[in-house]
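The values are calculated or read from the model by the stated rules, or taken from the named source; none is laboratory data. For clarity, every value in this text was computed on a predicted model and none was experimentally measured. Because the Cβ atoms are built from the backbone with ideal geometry, glycine has one as well, and the counts that use them run over all protein chains shown.
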Amino acid sequence: MKLQLLAAMALATPLFFASSVRAENPQDLQKLLSTGECVKCDLSGANLSGAHLIGADLRGSKLQGANLVGANLEGADLTGANLAGANLTSAYVTNVNLKQVNLNGVNFTRATIHDSNVYQASMNDLNLTGAEIFNTGIGIGGEDAEIPDWK
């Protein structure tokens with residue numbers, strides 16, 4: 001009986017920890033946090049909540065589903081990045097280069113978005129509830145934009 005219980009626990013243990021598994025590359029996350037740049041990095045699902053990413057170079061990086069709640073991205077370059085499904089609630093997005101970025105499904109609730117370049121960005125299903133947007137071409141649509149392949 002004890003042997004069966006131990007076997008069942010051994011099989012079930014990975015299930016309890018599966019939700020804490022992270023998708024991002026830990027080396028890429030460390031590189032970003034220590035140097036402020038991480039070009040073409042895999043930061044999918046990364047927890048960057050409250051991070052100070054001022055002037056960060058994240059060109060071509062994968063940030064799908066990343067947690068950027070309250071992050072400061074002032075002056076960051078995310079050209080060609082994939083932020084699909086990322087959470088930028090209360091984020092500070094000023095003078096950010098979002099050219100050709102996949103912003104589909106991004107949560108910008110209460111975000112501050114000023115003077116950011118969104119040329120050829122894909123912006124379907126954005127949540128802009130309570131967002132403060134100035135001098136940034138965020139609109140409805142995005143079907144005509146030619147955007148890169150975000151794999």
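Points to keep in mind about this one:
- Considered as a group, the residues in the stretch 80-115 that are closer than 18 Å to Val39 by Cα and more than 13 Å from the chain's Cα centre (by Cα) include one that is surrounded by the fewest Cβ atoms within 10 Å (Cβ to Cβ), and that residue is Lys99.
- Within the stretch 38-74, being buried (at least 16 other Cβ atoms within 10 Å of the Cβ) and not in a loop (DSSP other than H, G, I, E, B) holds for Asp42, Asp57, Lys62, Asn67, Asn72.
- Qualifying residues in the stretch 121-138 (those that are surrounded by fewer than 17 Cβ atoms within 10 Å (Cβ to Cβ) and more than 18 Å from Thr89 (Cα to Cα)) - the one modelled with the highest pLDDT: Asn135
- Filtering the stretch 21-37 to residues that are free of Cβ contacts under 8 Å to residues at least 40 places away in the same chain, surrounded by fewer than 15 Cβ atoms within 10 Å (Cβ to Cβ) and within 13 Å of the chain's Cα centre (by Cα) leaves nothing.
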